[in-house]
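Trainee: Please see the structure below; I have some questions.
Nothing in this text is a laboratory measurement; each read-out follows from the coordinates by a stated rule. Everything numeric here is computed off the predicted structure, so don't read it as measured data. Because the Cβ atoms are built from the backbone with ideal geometry, glycine has one as well, and the counts that use them run over all protein chains shown.
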Amino acid sequence: MAPTVVLGVGGGIAAYKACELLRLLTESGHDVRVVPTRSALTFVGAPTWAALSGHPVTSEVWDDVHDVPHVRIGREADLVVVAPATADLLAKAAHGLADDLLTNVLLTARCPVLMAPAMHTEMWLHPATQANVATLRSRGVVVLDPAVGRLTGADTGPGRLPEPGEIFAACRAALHRPDRPHDLAGRTVVVSAGGTREHLDPVRFLGNRSSGRQGYALATTALARGAAVTLVAANVGLPDPAGATMVRVVSAEELHKAMLEAAADADVVVMAAAVADFRPAAPQQSKIKKGAGEPSAIPLVRTPDVLAELAATRPRPGQVVVGFAAETGDADGDVLTHGRAKLAAKGCDLLVVNEVGADTGFERPDNAAVILGADGTEREVPNGPKEALAHVVWDLVADRLTS
Ligand code: CTP
């Protein structure tokens, strides 16, 4: 059965962006019921929501009363997402007010609730709004941080609605595991993602095919499960996951420094980035010319092994360290034999081993893996969305954090 999503729309100019979110949800097979507030309808009218969702639209509890919609809609939902969530809506939700259909739905829903605020910077930063957000988060509501950028007028600052694609990714993450939505609340996690680049000269580098999708899926799912997330991104072209603290790096050296810094305060460290093992010993300041003769060899030196160092140092007691291994079988052994040897060599708690080939692993939205535990456990994850694999990683991490 298609997951049922309630899309609550608050009365802000960003309501028009919720149309795009609605399209993303319906086109990916969700059954979406739109519940706008009265003031939202002054920005985007009911016919637009009805046509895009295929369901009748009202803001009132007094329509179709025989059907008791204010209870039914909330109870049937697998996810309630409110975008944009205005300061007024956040306040009403925090205090349990119920003066229209959406606020009633928020009280009757027992599924994950995700709110994407959008408002002027002053309203977002006001202590009243911040206290309401803190209250909602303490109850397990996922409140995304607004994006920073151009607001309605010429002003800029925090308060923009995150891009519809980011809210959609957060929705998918929240929907995957409605039974364990907040088991990482109060935990700090650091995830590295993407692939490092080692410069030969100002225009050329040694790099790899990692897109960063798996690391980003780990970040969005950890956010959905309540963690505070730092995402160390190496050359990734994907939108920032809403709510993550972003650190951008290019080379293995920069990633090494950023990870050691972030790991100092972390409960969990996940190395999903593909890190170069070698870098050119002497990168050139100006472009290397082809010249007339034979090409010369490029001397390389080793980069630090970030995962092994993180696993050996563990600045926090009980810190859980997770590595990834993209392997291919060869004459020395199959993928899992190499994986087991790598787990031992790196000294991490979990190693997510996946087989890479021409059309598996890299640059794709799905992934299959076997997760090896230092305690001898082995968990096979069938091919599926990278978010699904990420959730299994967090399940195994959460068990290790509590045990
Ligand atoms: N890794 C790291 N630092 C490096 C190289 C790799 O932290 N310099 C991490 C990766 O982020 C990943 C894990 O180590 O989590 C395994 O990476 P992989 O490239 O499979 O292993 P290598 O140690 O490079 O071994 P090899 O390439 O010889 O298989």
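Trainee: Quick one: which residues, 5 or more positions from Ala274 or on another chain, have an amide H under 5 Å from its amide H? H modelled 1.01 Å from N in the peptide plane, none for Pro or chain starts.
Mentor: Sorted by chain and number, the residues that satisfy this are Gly194, Gly195, Thr196.
Trainee: Assign one of three labels to the stretch 93-181, namely rounded, prolate or oblate, based on the Cα gyration tensor with a ≥ b ≥ c the square roots of its eigenvalues; rounded applies when a/c is under 1.5, prolate when it is not and a/b is larger than b/c, and oblate otherwise.
Mentor: Note, shape of the stretch 93-181 comes out oblate.
Trainee: By counting other Cβ atoms within 10 Å of each Cβ, how are Met123, Met246, Met259 ranked from fewest to most?
Mentor: Met246, Met123, Met259
Trainee: Under a point spin-label approximation (7 Å from Cα along Cα-to-Cβ), what is the Asp145-Glu122 distance to one decimal in nm?
Mentor: Going by the 7 Å Cα→Cβ label model, 2.3 nm.
Trainee: Contour minus end-to-end for Ala312 and Val356, with contour as 0.36 nm per residue of separation and end-to-end as the Cα-Cα distance?
Mentor: Value of the extension gain: 13.1 nm.
Trainee: Could you tell me what % of all Cα pairs in the stretch 188-402 have separations over 23 Å?
Mentor: Taking all Cα-Cα pairs of the stretch 188-402, the fraction more than 23 Å apart is 46 percent.
Trainee: Shifting gears a bit: Only Cα pairs under 8 Å and at least 6 apart count here; give the relative contact order of the stretch 4-176 as a rounded whole percent.
Mentor: Once normalised by length, the contact order is 23 percent.
Trainee: Starting from the Cα of Lys17, draw a straight line to each of the aspartates and glutamates and keep only those under 13 Å, dropping any in the same chain fewer than 8 residues away.
Mentor: Glu163, Glu166
Trainee: Taking the Cβ of Leu125 as the center, what net charge do the other residues with Cβ under 15 Å away carry, scoring Lys and Arg +1 and Asp and Glu -1?
Mentor: -2
Trainee: With the crude spin-label approximation of a point 7 Å out along Cα→Cβ, what separation in nm comes out for Glu253 versus Ala345?
Mentor: Rounded to a tenth, the inter-label distance reads 2.4 nm.
Trainee: State the dimensionless ratio Rg/Rh of the chain (Rg: radius of gyration of Cα atoms; Rh: Kirkwood radius).
Mentor: The Rg/Rh ratio comes out at 1.03.
Trainee: Each label point is 7 Å from the Cα along the Cα-to-Cβ direction; what then is the distance between the points at Gln285 and Glu27, in nm?
Mentor: For the pair Gln285/Glu27, the computed spacing is 4.9 nm.
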